[in-house]
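The values are calculated or read from the model by the stated rules, or taken from the named source; none is laboratory data. Model, not experiment: these values are computed from the prediction. Cβ placement follows ideal geometry from the backbone for every residue including glycine, while neighbour counts extend to all protein chains displayed.
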Amino acid sequence: MAKQEKLKELISKNYTGDALNYDKDLLNVVKARQKDMPVVSNSWNKIKKKSEDEEIRLWEKEYKEALAFIKDAIAPAMMKIDTTKLQVGDTLVKTFFTYAYPDFLEWNWLGPLINWDIKFDMSMFIYPIESAYVMKYLRRRLTELSSQRSMNEDKWLVNDPALSAQIQDVQELRDSLTRWQERYFHFSIYITVYSDGEEELKKTANMLETLLSWRNVLTKQAYLRTEQGFIATWPFAKDEVGVYRNISTKWLSTTFPFTSSTLSQDDWVLYGINTHNNSLIIFDRFKTENANMVVFAKSWGWKSFLVKLEILRSLMLGTDAIVIDPENEYKALLDTVWGSYLNINLNSNQRINPFDLPRALRDTETKPWDLLRWAVVNLIWLMNLMLWKCTPSEESILEKALITTYSLKWITFENDDITGKEVPIMKDLFSVLETMEWSKSLTERLEKYVYWIFAGIFSEATNIELKDWLQVFSVRDLDDILRPVAMFIVLNYIWNIARSSNRKRLLVVDEAWNIMQHEDSAKFLFWLVKRARKYNLWVTTITQDVEDFMTSSYGRAIVTNSSIQLLLKQSPASIDVLQNTFKLTDQEKYILLNSSVGQWLFFAWTDHVWIQILASYFEEQVINTNPNK
């Protein structure tokens, strides 16, 4: 009886308890109804319905209060409607619409407008039209045009080319509609521009008209319809202006706005996001003239981060990568993808013998003396680097000494096949020079590489071989004096391997300013960049010392022979050099000085695109160069 009394009390009062105990009381009601009072179902439904109505009214009240708050928060302080413009707060607004198009619209004709570096809003309205209605209109129009042509023929008038073109266009459109190859639409474009002053607004409006009229697309300002035009470009899906042109499916497809007219291709590597229109930059550098790339950035400019990201994604597409790493920054990437790590230093067991003969070119008939001649030329370049510039007479002595050194191992111009023969090393050259006249200066400078502080590193047989898809040559632990020499030898070794096999490879030369310090090594790097394209080897040159690189004649030549240039954040000391080299605008110069981390200017052909690097969480963990992460 106690449960029945409680149930009656709840029903009679329609429950006036607090919200915290409501569920508990309802549970008691249910239990009472199931066990003691099955006849109170109607009363139970009433209390349930009343509680739901109260809850809905409460939610509705909260929604209206929140909506009013949001409107107050985003609404401008004032809005003034004029015949030619709007004023929203302190901002002036003008809206334009297109009213005429050329007979032919090329693909992505809206690209210049999408990439326009001005604040504006644009909307498109597309209304499909029934094909039967269009066919009826085209039939009538074709009759009118044909009659006009017949009248001209009766009067013996010269054929009008414009009239013939219209007849042909109408006939082709009728045929396409009949075969369901085309559809017809009403199409509207509205563009709203913003400015803080009258003069700036007028200038922006003139720029917009010029930008579109260059494509024979004519625009008009929404006079006396400024409010309606403003609404048409906002996300209300309301077209209160109602100015449209007829357009078919073929030409409508050319207006697709979410594409970038620059540096967007169908496949290969994702580099980042185009900051102009938020489109993805997917670019295949191998489709350019030579696919070489130069990267300029100051320290901590994310230059290595960017290149490692490209390497990681290129490996997935079957491209091998070789890196000359001066700061051991590629070790984490190499450990992740299972590559080969070759540490070039005085205590390392891994050696490259600079006296190794070049491998024969693939698909080329090599004459008996070619390999030895190339080896002698490369070694003279190396000796100029190791011995701090040789005089012409010293070069002549070195040439004779090198030929003699090889001949003592039975490698001659008549027979330079090394099968079953021992390749000479630096000690052998030193021994030959000791027996020659006028070579004392050479032996004194060469001795440290054979017997003293630098002994062994360049005077032993080669015991490595490039096989893995990623190879990293680390020169971090070398003395600054030895770095250019080691990088030269490594580059020469890589070049010999690359030109003898047909595999697509990326060669990354990090901190290339080490090589550019010396004329002979800079000349060799330029020679390699210029010829690498023929052997599927694409060179990426990275440097933070822009002035040293660009003041070298070979550095400028490397930039000229690189189809892609990447510019990251620059220091004020080097920005003027880059501006003169790449013909940067003042705006691009300002951006490079003030850009945030991960943003860079991408040059390919004549296109300049500002890009934000886009890396996944996993990629960032593998390639991040920040020692604190």
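Being aromatic (F, W, Y), closer than 19 Å to I489 by Cβ and not in a helix (DSSP H, G or I) is the filter here; which residues of segment 371-426 pass it? The one that is aromatic (F, W, Y), closer than 19 Å to I489 by Cβ and not in a helix (DSSP H, G or I): W388.
On inspection, R499 fails the criterion of being in the same structural domain as S314 (by TED's automatic domain parsing), crowded, with 16+ Cβ neighbours inside 10 Å, over 25 Å from D548 (Cα atoms) and in contact with an Asp or Glu (Cβ under 9 Å, 6 or more places away or on another chain). Considering only residues of segment 241-300 that are in contact with a helix residue (DSSP H, G or I) (Cβ under 6 Å, 6 or more places away or on another chain) and over 30 Å from W513 (Cβ atoms), which is modelled with the highest pLDDT? Within segment 241-300, the match that is modelled with the highest pLDDT is V241. Of all residues assigned to segment 546-565, at least one qualifies as being of a type in the set (K, R) and free of Cβ contacts under 8 Å to residues at least 40 places away in the same chain. Of everything in segment 89-103 that is assigned to a loop (DSSP other than H, G, I, E, B) and at pLDDT 75 or above, the residue that is surrounded by the most Cβ atoms within 10 Å (Cβ to Cβ) is Y101. Regarding E547, is this residue under 30 Å from M383 (Cα atoms) and in a loop (DSSP other than H, G, I, E, B)? Criteria not met by E547.
The lone criterion from (1) more than 25 Å from W495 (Cα to Cα); (2) in a strand (DSSP E or B); (3) not hydroxyl-bearing (S, T, Y) left unmet by I542 is number (1).
The rows are residues; the columns are (1) in a strand (DSSP E or B); (2) touching a residue at least 24 places away in the same chain (Cβ under 8 Å).
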site: L578; (1), (2): no, yes
site: F603; (1), (2): yes, yes
site: Q612; (1), (2): yes, yes
site: E620; (1), (2): no, no
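Within segment 307-320, residues that are in contact (Cβ under 8 Å) with a residue 40 or more places away in the chain sit with their Cβ atoms under 9 Å from residues that are among the polar types (S, T, N, Q) and in a helix (DSSP H, G or I), at 6+ positions apart or across chains, in these pairs: L312/T336; D320/S314. Screening S164, S176 for residues that are touching an Asp or Glu at 6+ places or on another chain (Cβ under 7 Å), assigned by TED's automatic domain parsing to the domain that holds N246 and either farther than 28 Å from M122 by Cβ or not in a helix (DSSP H, G or I) (or both) leaves exactly one candidate, S176. Among the residues that make up segment 440-461, is at least one of them hydrophobic (A, V, I, L, M, F, W, C) and assigned to a helix (DSSP H, G or I)? Yes - at least one qualifying residue is present in segment 440-461.
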